[in-house]
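To start, the structure under review is shown below, and the notes come after it.
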Amino acid sequence: MIRVYNTLSKTKEPFEPVVQGQVGIYLCGPTVYKPSHIGHMVGPVIFDTIKRYLCYSGYTVRLIINITDVDDKLIDESKKRGIPMDRLAEDMTRDYMANLRAMGVDTIDAFPKATENMAGIIAFTQDLIEKGFAYESEGDVYFDVAKAPDYGKLSRRTLESVQGEGGDTAERKRSQADFALWKTAKPGEPSWESPWGPGRPGWHIECSVMSGKLLGETFDIHGGGLDLIFPHHENEIAQSECRHGKPMARYWLHNGLMQDSSEIGKLGGRNTRAAEGDNAAQEAGKISKSKGANPFREMLQQFAPETIRFFLLSTHYRRPIDFSEERIRQVGVGLETFYRFFKRFERVSGESFYRLDRPRRRSDGDFQPGADRLLKDVAEFRDRFLEAMDDDFNTGGAAGVLFDLVRRLNKFVDDEKLEEPGRRDEARLASLRRGAATLGELAGTLGMFRDPAEEKSPAGDALAARLMELLIEIRAEARKAKDFATADRIRKSLAEIGVTLEDRPGGTDWTIG
């Protein structure tokens, strides 16, 4: 049974959707005022993976990510650039979508926009006023948090603890903790007509409107970064549940934040490592546009999308992700283990790993290993992978199992000497094929190894390739002359600069990593 950690209850709970067999997921998306950076990819990759695993487990899943295309940040940036707000939002939305496609995030069912839901936002606000949960003040509309009996239940904050200064609207509010549902437009700002005059929605209400419209008044999973717990998600709960009189979402899942390695845990002059549950430390060190994070499209010029995806999934989603380019490079080196096996599998079997008939559903992947020692191990690794994913979608633990599995498959090829054509009987190949298909099955739930990795010259140019061929030839001649010291020195020196030599019947291969 799948169990998930619910931020609302602060415990792991059995996953039981509102409608049996069907799952609705809403993930808070970006405010599209600047190019997306790697931090914007964290949530989509995680929840794309969660959807893949739930579908694999037999559920029908609908996943929604909203686009905030009207906001103070958008208005300020459009003024700075001297272009209309809607044009800026369209440009940045295209950038965001292109980055999601590059990352293999292709399971999203809808990307609703705030500007396309103004009628629903106005109707929602009117209803809250009529029910006594909101009030109009000088063209603004505020939610009266004192009328929400459970306010603070998600973030565990009391009403007294959230009293702020209120900014330049403090005098219009009944309480400084009240938040805006509708804002009156300032001269020259984009606006929409409403019963309270020209204006635009507050930040929180758009998500309540769009999630309810597309997934229902109570849906299964609401996701987002832990920095959204308060005030965004707390306010969503308050306004949605006061209007509908029922829970907004059954499970609240919050991913850890992308941390710059040089910033992680810096609080009050102390360096402390941010950890799961240490929300303040994570928020202090998170990567953001305001801190000058580089556009994600630049990162895609340095690293393969699959490498970045695996990097994001290499830890449990609730933990902070310690970002550095060096860590991504290390992940890339680790992935070479899989890519080398895929090539090896093709040499041995004559089949492409990527074209194997891999099970798409959990029940389809079950098999009886019988007395086959390899398949007994494969079945055990599969069970461990599923246990990790069933336990609150622990992709970090699951990724570790994939490495154990590929090492076992490589050992089988070595032990059975399958690189030698005479050893490739159908029984051995069938076992290897079954193991490789299971690897593909499990990796597919993480969105990994779906297509062949893009072939690039490992050293970047033809000259380097010719030099490698020369070194391999010199090493082969040294071994033939029993000059093992020279041969070992070449292998060791190449390994120190990240080049791996793999001796096999018929020659020596080389790869970066």
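Could you please find all residues in region 340-381 being under 27 Å from the mean Cα position of the chain (by Cα), surrounded by fewer than 14 Cβ atoms within 10 Å (Cβ to Cβ) and under 19 Å from ARG450 (Cβ atoms)?
ARG355, ASP357, ARG360, ARG361, ASP364
Would you be able to tell me the number of residues in region 50-74 that are in contact with a helix residue (DSSP H, G or I) (Cβ under 6 Å, 6 or more places away or on another chain) and farther than 22 Å from SER208 by Cβ?
Going through region 50-74 one residue at a time, the tally reaches 3.
Go through region 370-392 and report how many residues are under 14 Å from THR49 (Cα atoms) and of a type in the set (A, V, I, L, M).
Looking only at that region, the number is 3.
Among the residues of region 288-298, what is the count of those that are at pLDDT below 95 and either hydrophobic (A, V, I, L, M, F, W, C) or in the same structural domain as ILE497 (by TED's automatic domain parsing) (or both)?
So the answer is 1.
Out of all the residues in region 349-378, which are among the hydrophobic types (A, V, I, L, M, F, W, C) and either in a loop (DSSP other than H, G, I, E, B) or without any contact (Cβ under 8 Å) to a residue 40 or more places away in the chain (or both)?
LEU356, PHE367, ALA371
Could you tell me whether any residue of region 78-98 is under 30 Å from MET448 (Cβ atoms) and in contact with a helix residue (DSSP H, G or I) (Cβ under 6 Å, 6 or more places away or on another chain)?
No: region 78-98 contains no residue that is under 30 Å from MET448 (Cβ atoms) and in contact with a helix residue (DSSP H, G or I) (Cβ under 6 Å, 6 or more places away or on another chain).
The values are calculated or read from the model by the stated rules, or taken from the named source; none is laboratory data. What you are looking at is a predicted structure, and each value in this text was computed from that prediction instead of being measured. With ideal geometry, Cβ positions are generated from the backbone for all residues, glycine too; neighbour counts draw on all protein chains shown.
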